[in-house]
1. For Cα extents along the principal axes in Å, the choices are (1) 61, 51, 42; (2) 74, 38, 27; (3) 54, 44, 33; which was calculated from the structure?
2. Which of the peptides 18-27, 142-151 is most tightly packed, and how do the rest follow, judged by the mean count of other Cβ atoms within 10 Å per residue?
3. Among 198, 187, 14, which one shows the biggest mean-square fluctuation in a GNM of the chain, springs joining Cα atoms closer than 10 Å?
4. Stokes-Einstein D for segment 157-210 at 25 °C, 0.890 mPa s, Kirkwood Rh over Cα pairs, in µm²/s?
5. Nearest 10 degrees, 0 to 90: what angle lies between the long axis of helix 183-207 and the longest principal axis of the chain (Cα atoms)?
6. For each of 152, 1, count neighbouring Cβ atoms within 10 Å of the residue's Cβ, then give the residues from fewest to most.
7. Taking only the C-alpha atoms, wrap a convex hull around segment 3-66 and report its volume per residue in Å³ as a whole number.
8. Tilt of helix 4-17 relative to the longest C-alpha principal axis of the chain, in degrees (0 to 90, nearest 10)?
């Protein structure tokens, strides 16, 4: 996949979070609600929340339970056992306010699972505002009143640049299609670009061990924290 190095960390985040998710769960920025069935199978209850304008871009047949801004959740204090904010902070103009609101509706001792991107091209304009270092996300969560339980970051120099290169190729094909409405040309470009993305991914995997400073986490793609109220 052209975005393998973004998708893979997100799958790992799900595997880390699912065993810890319990009770009444609020998925803020739920999008296509990809975790709904897995959470329900665990015996938890699931509520999806998304912005009424941004949700329409998801092209999902599942309507969120709550359509509202993440800074004004219509719920009483201490209402949820677990909160998800996966890949949503980059799209919020007031992230600290949203985090404080997430903490407000979370029960004491409840956990919030929060992920975002550090290095990634602009997407979903105009609602794309911020990028975060892991230290910055931890600091923001502390400012919101959370206790940071766990933090992790993924990828290295080669993988970050490989994925950005792949996104550039795919966006180029999309731009040409949108501008000229030339389907045959778009198909030809896609057929030409796709092998390049495969080569890019393989090269990044092979070159990964040469990134000797990766433990310093100088360049990351995806960051993730678990925080407690």
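Laboratory data are not the source of any read-out in this text; all were calculated from the coordinates shown. Small disclaimer: the values here were computed from a predicted structure and weren't measured. Note: ideal-geometry Cβ built from the backbone for every residue, glycine included; neighbour counts use all protein chains shown.
1. Read-out from the structure maps to (3).
2. Numbers: 18-27: 17.4, 142-151: 15.0.
The most tightly packed comes first, giving 18-27, 142-151.
3. Maximum fluctuation in the GNM of the chain, among the listed residues, is at 187.
4. On the way: Rh = 11.7 Å.
Value of D from the Cα-based Kirkwood radius: 209 µm²/s.
5. Once rounded, the angle reads 70 degrees.
6. Details: 152 17, 1 12.
Ordered by Cβ neighbours within 10 Å, fewest first: 1, 152.
7. Values: hull volume 5.8 nm³, N = 64.
That works out to 90 Å³ per residue.
8. That helix lies at roughly 20 degrees to the long axis.
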